[in-house]
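Each remark here refers to the structure printed beneath this line.
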Amino acid sequence: MDTQALRKRAHDLDVTVWVGKSGLGAVVDELDDQLGDRELVKVKFLRAARGGTDVETLSADLAERVDAEVVEMRGNTAVLYR
């Protein structure tokens with residue numbers, strides 16, 4: 001599926017995974033389960049999770065851990081697809 005179509009589908013999705021001060025490791029299993037149930041998941045990176053790292057780096061690392069790809073990023077929110 002092309003990126004534009006995925007972005008359209010992701011527009012109305014609610015954030016279902018929040019990355020906080022516990023970091024990426026705390027959400028990897030949950031995100032993996034959600035991606036197994038549906039193709040698109042919105043992830044929000046809270047200020048405590050960023051800690052000097054940019055959202056692009058965090059989302060790329062998280063996508064790599066769950067074997068997904070980053071479809072879109074806006075502010076502190078990323079959409080992952082598998």
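The values are calculated or read from the model by the stated rules, or taken from the named source; none is laboratory data. Please read all numbers here as calculations on a predicted model, not as lab measurements. We place every Cβ from the backbone using ideal geometry, glycine too, and count neighbours over all the protein chains shown. Heavy atoms of the whole protein, side chains included, go into the accessibility calculation; ligands, DNA and RNA do not. Shrake-Rupley method; radii C 1.70, N 1.55, O 1.52, S 1.80 Å.
What pairs come up if the first residue lies in the stretch 3-27 and is touching a residue at least 24 places away in the same chain (Cβ under 8 Å), the second is small (Gly, Ala, Ser) and open to solvent by 30 Å² or more (accessible area, probe 1.4 Å), and their beta carbons are under 8 Å apart, counting only those six or more places apart or on different chains?
Every condition considered, the pairs that remain are Val19/Ala26; Gly20/Ala26; Gly20/Ala48; Lys21/Ala48.
So which strands (runs of 3 or more DSSP E) are wholly in the chain and hold at least 3 residues that are open to solvent by 70 Å² or more (accessible area, probe 1.4 Å)? Let's see the steps before the verdict.
Values: elements: 15-19, 40-45, 69-74, 77-81.
Ranges flagged: none.
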